[in-house]
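The values are calculated or read from the model by the stated rules, or taken from the named source; none is laboratory data. Source: prediction; values computed, not measured. Don't worry about glycine lacking a Cβ; one is built from the backbone with ideal geometry, like all the others, and counts go over all protein chains shown. Please note that ligands, DNA and RNA were not included when accessible areas were found on the heavy atoms of the full protein model with its side chains. Shrake-Rupley method; radii C 1.70, N 1.55, O 1.52, S 1.80 Å.
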Amino acid sequence: MASTKKIAVVIGMMNKTVQSKQCVFGHLFLFFLGVGAGLGASLAKRFAAGGYSVGLIARKMSNLEPVKAEIEQHGQTALCVEADASDAKSLHQAFDVIRTKLGDPEVLVYNAGATRFCGILDLKAEDLQSILNSTVIGGLIASQEVLPSMLKNGKGTILFTGATASMRGSAGCAGLAIPKFGLRALSQSIAREYGPKNIHVAHVIIDGQINKPRQVKEQPDRDINSFLNSDAIAETYWQLHIQPKSTWTQEIDLRPSVEKF
């Protein structure tokens, strides 16, 4: 489909945590990037505000509809597609729908992933494989879906969401660190191969908790400034996208001013 519209695709409006009854290492944190209040929604709204028609991909349509409605209230375009980032066929079909209804994406934001927090002896191989499928394999497939048209059009941006665990593996966090290490390596490899072809690839390390209402509510005594603001994070993604090509960033880390590192 030929189109003069600018198209951005955001994958991962809500991440998932793989759990089992054997996961008993320390305190179990469940990280949800909810469509109504998390990073995925903030990213979608920021790129829509920047003039992009936005393709939204998540496992549940109910996670997408509220942000779609908010985007459309401002006269902008959003297309919701239900797909599982861990399922290659599902992801391929989602991109087929987006290309047919919107056109070729100029921007890909890969915000999907999964994790399981537990000790090494409790981390099942099948759980890790599922996590890798959502985080690394899904990121690879999504990139392969958009790169041909970006090459054809002579430009494009691919942004990956990382975490503290992208840089170091901590006790009880192998289920997060292993896939995040892999996603970081994927972003570096694509950047080195396609940066010279005018495709900007960047990896954003989120070092801390995001100010999702659930997280804030569960920690009432915590200083709100110790959370990362999802809208502020989304603004950073936008600035990465519009960076002059003479000063492209490949990796950036974001954290609150009070976060220890």
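Kirkwood hydrodynamic radius, the stretch 145-190, all distinct C-alpha pairs: what's the number in Å? Could the numbers behind the result be given before it?
Working: mean 1/r = 0.0832 Å⁻¹.
Kirkwood hydrodynamic radius for the stretch 145-190: 12.0 Å.
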For the pairs 5/197; 6/101; 60/217; 6/180; 68/89; 60/124, flag any whose C-alpha to C-alpha distance is greater than 19 Å.
5/197; 60/217; 6/180; 68/89; 60/124
Evaluated at q = 0.09, 0.12, 0.18 Å⁻¹: base-10 log I(q)/I(0), Debye formula over Cα of the stretch 120-261:
-0.33, -0.58, -1.12
Given the whole protein assembly as supplied and a 1.4 Å probe, what does the accessible area of residue 246 come to in Å², nearest 10?
100
Percentage relative contact order, the chain, counting C-alpha pairs under 8 Å, at least six apart:
19
What residue among 199, 170, 210 has its Cα farthest toward the positive end of the dipole of the stretch 28-254, where the charges are +1 on Lys, Arg and -1 on Asp, Glu, each on the Cβ?
199
Once amide H atoms are placed 1.01 Å from N in the peptide plane, what residues at a sequence separation of 5 or more from residue 228, or on another chain, have their amide H within under 5 Å of its amide H?
209, 210, 211
Surface share of carbon and sulfur [accessible, 1.4 angstrom probe, percent] for the chain:
54
Total charge dipole magnitude, the chain, about the Cα centre, Cβ charges on Lys, Arg, Asp, Glu only, Debye to nearest 20
240
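With N set to the number of residues, divide the alpha-carbon radius of gyration of the stretch 28-254 by 2.2 N^0.38 Å and report two decimals. Walk me through the numbers on the way to the answer.
On the way: Rg = 17.1 Å, N = 227, 2.2 N^0.38 = 17.3 Å.
Rg over 2.2 N^0.38 Å, computed on Cα atoms: 0.99.
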If you take the charge dipole of the chain about its Cα centre, with +1 on Lys and Arg Cβ and -1 on Asp and Glu Cβ, which of 85, 232, 243 is farthest toward its positive end?
243
Skipping prolines and chain starts, which residues have an amide H placed within reach, meaning under 5 Å, of the one on residue 9, given they are 5 or more residues away or on another chain?
55, 107, 108, 109
Sticking with the crude label model, points 7 Å out along Cα→Cβ, report the distance from residue 49 to residue 97 in nm, one decimal please.
2.7
Surface per residue (accessible, 1.4 Å probe) for the chain, Å²
46
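How large is the helix-only mean residue ellipticity at 222 nm for the chain, computed as the sum of -39500 (n - 2.57) over DSSP H runs with n ≥ 4, divided by its residue count, in deg cm²/dmol to the nearest 500? Provide the component values of the computation, followed by the final result.
On the way: 8 runs with 101 residues, N = 261.
It lands at -12000 deg cm²/dmol.
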Please list 3J(HN,Hα) in residue order for the stretch 114-123, calculated via the Karplus relation 6.51 cos²θ - 1.76 cosθ + 1.60 where θ = phi - 60°; whole Hz, with x for glycine and proline.
8, 7, 8, 9, 6, x, 4, 5, 9, 7
Whole-Hz ³J(HN,Hα) from phi, Karplus 6.51 cos²θ - 1.76 cosθ + 1.60, for the stretch 197-214, glycine and proline x:
9, 6, 10, 8, 10, 9, 10, 10, 8, 8, 9, x, 8, 8, 7, 5, x, 4
Karplus couplings for the stretch 252-261 from phi (6.51 cos²θ - 1.76 cosθ + 1.60, θ = phi - 60°), rounded to Hz, Gly and Pro as x?
9, 10, 10, 7, x, 4, 8, 6, 7, 8
Would you kindly state how much longer the chain becomes between residue 217 and residue 167 on full extension, computed as 0.36 nm times their sequence separation minus their alpha carbon distance, in nm to one decimal?
15.1 nm
Accessible-area value, residue 235, 1.4 Å probe, nucleic acids and ligands omitted, Å²:
60
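Beta carbons within 10 angstrom, averaged per residue: use that to sort the peptides 50-56, 78-84, highest first. Display every interim value, and only then the final one.
On the way: 50-56: 22.9, 78-84: 19.9.
Packing proxy ranking, top to bottom: 50-56, 78-84.
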